[in-house]
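Asker: First the structure, then my questions, so here it is.
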Amino acid sequence: MALLEVEDLVVRFYTEGGVVRAVDGLSYTLDRGERLGVVGESGAGKTAAALAVLGLLDESGRIEGEIRFDGESLTAADDDRLQAIRGGRIGTVFQDPEAALNPVYTVGEQIAEAVRTHTDRDGAAANDRAVALLDRVGIPDPATRADQYPHEFSGGMAQRALVAMALAGDPDLLIADEPTTGLDVTVQAQLLELLDDLATADLAVQLVSHDLGVVAEFCDRVLVLYAGQAVERAPVDDLFYEPKHPYTAGLLRSVPRIGDSRDRLSALSGTTPDLSAPPPGCRFHPRCPYAEDACTKHDPPLAATDDSGVHRAACLAYTGDLSGELTFSVDVVDDDGGADGGDSR
Ligand SMILES: Nc1ncnc2c1ncn2[C@@H]1O[C@H](COP(=O)(O)OP(=O)(O)O)[C@@H](O)[C@H]1O
Ligand SMILES: [Mg+2]
């Protein structure tokens, strides 16, 4: 049994402008100790899907479908139970660490509070544990740092403190939503290194990011979201070296590379559709260079692209309904870190 099982998840937001289907029929699993990357452009539904798992959607959000964590239904769980799991067996790290920390308490107090809530440690034992966690996430002089307030922490240090807090309940799963976004490049690399160090057989990670580089470096498996739906799912190398969905190929071409003078932004033209009125058929068809008539009518399932079924893509090309062949030109980074040019497939 997988650690996390998401089945046919639908997230709707009821807004004045109509009903936004932010997530529309998403299914995936995450095994113990596995690192799953969830990627896609802004507005793809990555955060909505993560918040649904955590039971943290705001009042305008409604979910359908089934979410099970270690066999237990989270969709059926009440608020108390969800609160116990969240911050306990499921840790979270979000973008903007400064906003996630309370300015009026010391960092140590906030971590100790999480320790008290999610373990049986109390009093001095909780405070000691908070210092040990700050040490664990690489904060120098943790005992002194524990007594400081969030404003005394840099962005990178604050994000480390939030990782420490996420570890308070000794989680089996860490959901990190754009954890490195907004940090400078060096600090980003250091934080990824920390996550890499923490994510072991005991800790699975769902890493949500619009940054393909971050996902390529860190994850075992990748799920690509487009307009609330999974369009591709594959082991990380398969996805980056041999993308099977035109959207993924476009995303990969959009990644800027050092020394590259081509206008990468032209690789993927257009924008994500309005999710209160998505296009019929395949949601990507208005932007797809391969789209045919059938693509405007049929919403493709996440179909196997090879015999093993490990690499899946939601494109009519793989259900036999598309007359043309998909031949992408994708620059892949080889082992020396250089691009090997337009590798046509
Ligand atoms: N609280 C909300 N109320 C209404 N619409 C929302 C809300 N949160 C997200 N959305 C909409 O849901 C879609 C998916 O958003 P989100 O999950 O934040 O995307 P991502 O994290 O991939 O950038 C977007 O169209 C967004 O505008
Ligand atoms: Mg987001």
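The values are calculated or read from the model by the stated rules, or taken from the named source; none is laboratory data. Fair warning: this is a prediction, and the values are worked out from it, not measured in the lab. Cβ placement follows ideal geometry from the backbone for every residue including glycine, while neighbour counts extend to all protein chains displayed.
Asker: Here are the criteria: (1) modelled with pLDDT under 95; (2) under 24 Å from residue 116 (Cα atoms); (3) touching a Phe, Trp or Tyr at 6+ places or on another chain (Cβ under 8 Å). Tell me which single one residue 162 does not satisfy.
Answerer: All conditions pass for residue 162, except number (1).
Asker: Right, here's the next one. From the list 251, 183, 223, which one is in a strand (DSSP E or B), within 16 Å of ligand 2 (Cβ to nearest atom) and in contact (Cβ under 8 Å) with a residue 24 or more places away in the chain?
Answerer: Of 251, 183, 223, the one residue that is in a strand (DSSP E or B), within 16 Å of ligand 2 (Cβ to nearest atom) and in contact (Cβ under 8 Å) with a residue 24 or more places away in the chain is 223.
Asker: Applying the selection to the stretch 9-48, what residues are among the hydroxyl-bearing types (Ser, Thr, Tyr) and either surrounded by 20 or more Cβ atoms within 10 Å (Cβ to Cβ) or away from ligand 1 (no atom under 12 Å from the Cβ) (or both)?
Answerer: 27, 28, 29, 47
Asker: A follow-up question, please. Looking at 253, 312, which one is crowded, with 18+ Cβ neighbours inside 10 Å, basic (Lys, Arg) and at pLDDT 90 or above?
Answerer: The unique qualifying residue is 312.
Asker: Among helices (runs of 4 or more DSSP H) lying entirely in the stretch 115-176, which contain 1 or more residues that are in contact (Cβ under 8 Å) with a residue 24 or more places away in the chain and touching a Pro at 6+ places or on another chain (Cβ under 6 Å)?
Answerer: 123-136, 155-166
Asker: Given the residues 201, 234, 189, which is the only one that is in a helix (DSSP H, G or I) and more than 16 Å from ligand 2 (Cβ to nearest atom)?
Answerer: 189
Asker: Another question about this same structure. Any idea which residue in the stretch 268-285 is farthest from ligand 2 (Cβ to nearest atom), counting only those that are closer than 18 Å to residue 232 by Cα and either surrounded by fewer than 16 Cβ atoms within 10 Å (Cβ to Cβ) or modelled with pLDDT of 95 or more (or both)?
Answerer: So, considering only residues that are closer than 18 Å to residue 232 by Cα and either surrounded by fewer than 16 Cβ atoms within 10 Å (Cβ to Cβ) or modelled with pLDDT of 95 or more (or both), the one farthest from ligand 2 (Cβ to nearest atom) is 281.
Asker: Here's a follow-up. Going by the structure shown, is residue 104 farther than 20 Å from residue 196 by Cα and either among the small types (Gly, Ala, Ser) or assigned to a helix (DSSP H, G or I) (or both)?
Answerer: Criteria not met by residue 104.
Asker: Of everything in the stretch 193-214, what is more than 13 Å from ligand 1 (Cβ to nearest atom) and within 14 Å of the chain's Cα centre (by Cα)? Give them in sequence order.
Answerer: 195, 204, 205, 212, 213, 214
Asker: What are the pairs with Cβ atoms under 7 angstrom where one residue, in the stretch 14-31, is at negative phi and the other, located anywhere, is of a type in the set (S, T, N, Q) and within 11 Å of ligand 1 (Cβ to nearest atom)? Sequence gap at least six, or different chains.
Answerer: 14/60; 15/60; 17/276; 19/276; 20/276
Asker: Could you tell me whether residue 61 is within 30 Å of residue 14 (Cα to Cα), within 16 Å of ligand 2 (Cβ to nearest atom) and surrounded by fewer than 21 Cβ atoms within 10 Å (Cβ to Cβ)?
Answerer: yes
Asker: Say we look at the stretch 49-66 and pick out the residues that are within 17 Å of residue 275 (Cα to Cα) and touching a Ser or Thr at 6+ places or on another chain (Cβ under 8 Å); which of these is nearest to ligand 1 (Cβ to nearest atom)?
Answerer: Selected residue: 60.
Asker: Follow-up question, since we're still on this one. Output the residue which, of all residues in the stretch 303-323 that are charged (D, E, K, R) and assigned to a loop (DSSP other than H, G, I, E, B), is nearest to residue 237 (Cα to Cα).
Answerer: Only one residue fits best here, namely 306.
Asker: Being closer than 19 Å to residue 270 by Cβ and within 27 Å of the chain's Cα centre (by Cα) is the filter here; which residues of the stretch 290-307 pass it?
Answerer: Listed by number, the residues that qualify are 299, 300.
Asker: Right, another one. Can you tell which of 41, 59, 7, 72 is out of contact with any strand residue (DSSP E or B) (no Cβ under 7 Å at 6 or more places or on another chain) and closer than 20 Å to residue 226 by Cα?
Answerer: Testing whether each residue is out of contact with any strand residue (DSSP E or B) (no Cβ under 7 Å at 6 or more places or on another chain) and closer than 20 Å to residue 226 by Cα leaves just 41.
Asker: Being among the charged types (D, E, K, R), on the phi > 0 side of the Ramachandran plot and more than 16 Å from ligand 2 (Cβ to nearest atom): is that true of residue 78 here?
Answerer: no
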